[in-house]
Amino acid sequence: QVQVVESGGGLVQPGGSLRLSCVASGRAFWLYSMGWYRQAPGKQRELVASIRSNGNTNYADSVKGRFTISRDNAKNTVYLQMNSLKPEDTAVYYCTQGYAPNDYWGQGTQVTVSS
């Protein structure tokens, strides 16, 4: 079965950096779009960044210039490099593979930006 597993979250000070990783297994990784969503307490889940099978990327306006999504098809892994982090980036970050209704989600990883 398909499994999506995130890692790399944690506590970081404002202005700091983190890199999230996500490994997806169970189907041909290179064929599928991958995405990162986040959900902060009391807020709706939002798309942060996505990368298509052809490498095209898309970012939320709030993270453009600070976050970079990339993928390594040989490792079945997608990354989210987050720089210049702000307190408002605090959220649970979820990795997804594919599009609804054939999408799969990870369990999420907590990112907390605080001094």
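Name the one entry in A40, A49, A74, A60 that is of a type in the set (G, A, S), surrounded by 17 or more Cβ atoms within 10 Å (Cβ to Cβ) and at pLDDT 95 or above.
Within the list A40, A49, A74, A60, the selection yields A49.
Can you tell me which residue in region 81-101 is nearest to G35 (Cα to Cα), limited to those that are in a helix (DSSP H, G or I) and free of Cβ contacts under 8 Å to residues at least 60 places away in the same chain?
Restricting to residues being in a helix (DSSP H, G or I) and free of Cβ contacts under 8 Å to residues at least 60 places away in the same chain, the top hit is D89.
So which residues in region 21-56 are in contact (Cβ under 8 Å) with a residue 40 or more places away in the chain, closer than 13 Å to T96 by Cα and in a strand (DSSP E or B)?
Selection gives S21, C22, V23, A24, S25, M34, G35, W36, Y37, R38, V48.
Starting from residues that are of a type outside the set (S, T, N, Q), open to solvent by less than 60 Å² (accessible area, probe 1.4 Å) and within 11 Å of the chain's Cα centre (by Cα), keep the ones in region 92-110 and report whichever is nearest to C22 (Cα to Cα).
The selected residue is C95.
The values are calculated or read from the model by the stated rules, or taken from the named source; none is laboratory data. Being a predicted model, the structure only gives us computed values, none of them experimental. Here the Cβ is made from the backbone with ideal geometry for all residues, glycine too, and neighbour counts use every protein chain on show. The area values use the complete protein model at the heavy-atom level, side chains included, leaving out ligands, DNA and RNA. Shrake-Rupley method; radii C 1.70, N 1.55, O 1.52, S 1.80 Å.
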